[in-house]
1. Which loop-located GluC sites (Glu not before Pro) does the range 60-165 contain, where loop means any DSSP state but H, G, I, E or B and the Cβ has at most 12 other Cβ atoms within 10 Å?
2. Could you calculate the FRET efficiency of ILE72 with GLU275 from 1/(1 + (r/R0)^6), where r is the beta carbon distance between them and R0 is 41 Å, rounded to 0.05?
3. Probe of 1.4 angstrom, ligands and nucleic acids ignored: what's the accessible area per residue over the range 25-109, in square angstrom?
4. Magnitude of the Cβ-charge dipole of the chain, K/R +1 and D/E -1, about the Cα centre, nearest 20 debye?
5. Can you give me the long-range amide H partners of VAL174? Hydrogens built in the peptide plane at 1.01 Å from N, cutoff under 5 Å, separation of 5 or more residues or another chain.
6. Can you list which of the trypsin sites (Lys or Arg not before Pro) found in the range 293-337 are DSSP loop residues with at most 15 other C-beta atoms within 10 Å?
7. What does the C-alpha gyration tensor say about the overall shape of the chain? Classify as rounded when a/c is under 1.5, otherwise prolate if a/b is larger than b/c, or oblate.
8. Roughly how big is the range 51-200's charge dipole about its Cα centre, with Cβ charges of +1 (Lys, Arg) and -1 (Asp, Glu), in debye to the nearest 20?
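The values are calculated or read from the model by the stated rules, or taken from the named source; none is laboratory data. All figures in this text were calculated on a predicted structure; none of them were measured in a lab. Cβ coordinates were reconstructed from backbone atoms using ideal geometry, including for glycine residues, and neighbour counts include every protein chain displayed. Remember, those area values only see protein heavy atoms, side chains included, never the ligands or the DNA or RNA. Shrake-Rupley method; radii C 1.70, N 1.55, O 1.52, S 1.80 Å.
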Amino acid sequence: MSHHYDVQEMTQFSTALLVAAGLDEEKAQAVAEILVEGDLMGHTTHGLQLLSPYLGEIQSGRMPVSGEYEVISKRAAVQTWDGRYLPGPWLIIKAMETAELMARSCGTGTVVIRCSNHIACLAAYLKRATDQDLVVVIESSDPATKSVAPYGGLQATHTPNPIAVGYPTASGPVLLDVSTSITTNGMVGRLHKQNSQLPYPWLKDHQGNATDQPSVLFDEPKGSIMPIGGLDHGHKGYALGLMVEALTSGLAGFGRVQAPAQWGASVMVQIMDPEAFGGLDAFKRETGALVDACHNNPVAEGSPPVRIPGERGLALHKRYAQEGVPLPDGVPEALADWSERLGVTFPQALQ
């Protein structure tokens, strides 16, 4: 059962908790906003569930509480940063701002980040660009983790490697955020703690058998998460996962070869300005026409209407902004524990 909390109060509480842990105000605000945004859009494994592990990263010294990223290479429309394991949400927001400036000048701008800390929910960033009539692409991998096996293989080689894209249309934004694996580490970890099963056999045990048991990712010898497409069409998700590794760790020049031991991310952030290409109005006409064709598409009797990527998340965001942000079981308890340890008052639930 989820409990709902006032959005502003929860954002302020999360910011205060991070500041109390030592994070500077600007970074704390960025992290809190993105985590709450993730929950508002329904991505509960990548919302405030992450605040406790982030606080653990701060207290262990693995997440610096102040300072700046280092620009290690720079051209007119490209930058590469060393994120120094600073808070991921703050780094991504800064990268988007930098990429936007390059896109306004050059039509496109790309920032690649090595050694970012975890970046939370990719979907939570997209509307910041689409509200400005820009196209955004964010891709991420974690070179310190292996949980997804190559198609046909038995040993994990990479991570779920999500791809997120947002773009404007004449009738509102399209926002997509998909992992190149069937499910995420966060979902498997949550269900493992709850001693629950996955809804479908999305994992493989160490012998290659499909299973719905999260424990195969934690027991030795370890199993793996299957790529998108599963046992029969997993070559497609596998190929996309490799592409993400190339565009993140590959372009950043730092990844699995260096074998980092710290939880983090290699990230690519790209912004494009449609005005610099065929023009914004033409772009919105084209994207809007296809969205309308999908919305108006006939469906089987008794089936719901066709949805556009991001439509459900935006509807949830609108609803939860009024009802309060819901936190799944276990999250309020974990945050209440941190609030006691750091002396920050935990908000009262609305219901």
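1. Hits after loop and neighbour filter: GLU68.
2. My answer for the efficiency is 0.85.
3. Spelled out: the 1.4 Å probe surface of the range 25-109, per residue, equals 38 Å².
4. On the way: 24 positive and 37 negative charges, 143 e Å.
Its charge dipole is roughly 680 debye.
5. TYR167, THR169
6. The qualifying sites are ARG307.
7. The shape class here is rounded.
8. 220
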